[in-house]
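Taken together, the values in this text are just the output of simple stated rules run on the coordinates, not laboratory data. In this text the structure is predicted, and so the values were computed from the model without any measurement. Reconstructed Cβ throughout: ideal geometry from the backbone, glycine too, with neighbour counts over all protein chains shown.
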Amino acid sequence: MMLDQVVLLAAVTVLGLLEQAYFSLKVIYARRKYSVSPPAITGPPEFERIFRAQANCSEYFPIFVFSLWLAGVFFSQALAVFFGILYLYGRYLYFHGYAESSQGRLEPLYFSAKMQWVLIALSGLGVICTITQAYLGLDLLLSFTHVLGLTEHT
């Protein structure tokens, strides 16, 4: 795989890393604002919501990165980047919604979860298509596009 074929995946990954750093900084600022010194993780509800939002985003970040890259390498870089950006946007809304209220996290949580599941599905489909093509000589992706009428039979 050539470098230009993964540069957009790398860019979305860096964007995600910057988002994680931003969330971590928000926890540091909240610790100062609400006088919650490490290693304590409890304090006023305002602090705890910010802390949990950051922790939740961090917990899901490895799943996001793996599914982004697998979907991008084995299925479609363009689709992986598209859904990856939507996922990061959803996580941004989730963080800020949760910081405001526990209820404020729900809609962005459901949105980002859907984007994550799309990436996981594209990853699985891409890997399955690659395996069947490499070991069985069957191009499932091409077959799917024929069935859907997206390409002409040759």
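Summary of values
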| quantity | calculated |
| --- | --- |
| Segments classed as helices (runs of 4 or more DSSP H), wholly inside segment 61-154, with at least 1 members that are closer than 21 Å to Q5 by Cα and in contact with a Cys (Cβ under 9 Å, 6 or more places away or on another chain) | 140-147 |
| Residues satisfying the stated conditions in segment 99-114, i.e. surrounded by fewer than 17 Cβ atoms within 10 Å (Cβ to Cβ) and not small (G, A, S) | E100, Q103, L106, E107, Y110, K114 |
| Looking only at segment 43-73, and only at residues there that are closer than 16 Å to S101 by Cα and polar (S, T, N, Q), the one that is surrounded by the fewest Cβ atoms within 10 Å (Cβ to Cβ) | N56 |
| Residues (hydroxyl-bearing (S, T, Y) and at negative phi) located in segment 17-70 | Y22, S24, Y29, Y34, S37, T42, S58, Y60, S67 |
| Leading residue by the ranking (surrounded by the most Cβ atoms within 10 Å (Cβ to Cβ)) among those in segment 12-23 that are in contact with a helix residue (DSSP H, G or I) (Cβ under 8 Å, 6 or more places away or on another chain) and closer than 14 Å to V65 by Cα | V12 |
| Options I41, I28; residue that is among the β-branched types (V, I, T), part of a loop (DSSP other than H, G, I, E, B) and farther than 14 Å from L88 by Cα | I41 |
| Residue match in segment 78-95 (condition: surrounded by 15 or more Cβ atoms within 10 Å (Cβ to Cβ) and over 19 Å from E19 (Cβ atoms)) | yes |
| Filter result (of a type in the set (D, E, K, R) and touching a Ser or Thr at 6+ places or on another chain (Cβ under 8 Å)) within segment 1-33 | R31 |
| Filter result for the condition that a residue is aromatic (F, W, Y) and free of Cβ contacts under 8 Å to residues at least 60 places away in the same chain, over F111, F95 | F111 |
| Which numbered condition V36 misses (of (1) in contact with a Ser or Thr (Cβ under 9 Å, 6 or more places away or on another chain); (2) in a helix (DSSP H, G or I); (3) more than 30 Å from F75 (Cα to Cα)) | (2) |
